[in-house]
Amino acid sequence: MARRRQLYEGKAKILFEGPEPGSIVQYFKDDATAGNGAKKGIITGKGVLNNRISEHLMLRLQAIGIPTHFMKRINMREQLVREVEIIPLEIVVRNVAAGSIASRLGLEEGTRLPRTIIEYYLKNDALNDPMVSEEHIAAFEWATPQDMEEINSHALRINDFLCGTFQAIGIQLVDFKLEFGRLWEQDEMRVVLADEISPDNCRLWDMNTSEKLDKDRFRRDLGRVEEAYQEVARRLGILPES
Ligand code: C5P
């Protein structure tokens, strides 16, 4: 097979040109970074697990009417997705205080927030992804008010759905990060969920033991990182690839 053209290499994924126009192959690496690349490592098997976990969650979100870029999983480490124009924002949804909101506002980790909070960060490695407000987003035209309406409404529905999905398997969804893209179909533009949903970009705590089942195990050197990702996959009913 001819070698595919690489379009982009990120910290955890590589994007290749897809087999048909408007499609992209998303390859999941085992590489892990934290602190915007300050800490680097390998989590053996992470790419395979995140490919399956993200496929599973994207398909379930599609089934409840959330538009996503996901088309199909191709193999252990690759999935085919629609080519979208990525909106340069990271959307963080929080239910419980942890990580940066806990340190920024002096909250104890694990405190339930008075309500779900959505935060926006500009995707810019050189600036360490600074937090921005809807005012900044509108003024600098990173997204239109209509994009933001769709993003906010999708983000809250995704949160409701994922909270329920994880709760049913004994996991508390503390917070997570989403990315969205614009997709044109017959001159119509839609905002669709892009990137991935996996323990790399969610905080997932066991509801009984409070054990962390996500990338904080890598960020905070807690050990048993791969086992945590495997546990999430196992509870979601994703069996090992035969
Ligand atoms: O670090 P912080 O508390 O702001 O992270 C909030 C959530 O967003 C966490 O679930 C984290 O995994 C995710 N996140 C991410 N990529 C980033 C920053 C945060 O997936 N660049």
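What follows draws every value from the coordinates through simple rules; no lab data is involved. All of these numbers come straight from a predicted model, not from anything done at the bench. Cβ atoms come from the backbone with ideal geometry, glycine included; neighbour counts cover every protein chain shown.
From helices alone, the chain scores -8500 deg cm²/dmol at 222 nm; the rule is -39500 (n - 2.57) for each run of n ≥ 4 DSSP H residues, then divide by the residue total. Scanning the chain for GluC sites (Glu not before Pro) that sit in a DSSP loop and have at most 12 other Cβ atoms within 10 Å, the longest stretch containing none of them is 1-107. Per-residue Cβ neighbour counts within 10 Å put Lys11, Lys40 in the sequence Lys40, Lys11, beginning with the fewest. Counted by Cβ distance under 12 Å from Gly10, the other residues give a net charge of -3, where Lys and Arg count +1 and Asp and Glu count -1.
Here the residues His69, His56, His154, ranked from fewest to most Cβ neighbours within 10 Å of their Cβ, fall in the order His56, His154, His69.
Neighbour counts of other Cβ atoms within 10 Å put Lys72, Lys46 in the fewest-to-most order Lys72, Lys46. Our Cα-only numbers for region 92-231 put the radius of gyration and Dmax at 16.2, 50 Å. Computed over the alpha carbons of region 1-136, Rg followed by Dmax gives 17.2, 54 Å. Here is the P(r) of the chain: all C-alpha pair distances, binned every 10 Å from 0, give 7, 31, 40, 19, 3, 0 in whole percents. Residue by residue, region 118-129 carries 3J(HN,Hα) couplings of 10, 10, 10, 10, 7, 6, 7, 4, 4, 9, 6, 6 Hz when phi is fed to the Karplus relation 6.51 cos²θ - 1.76 cosθ + 1.60 (θ = phi - 60°); x denotes Gly or Pro.
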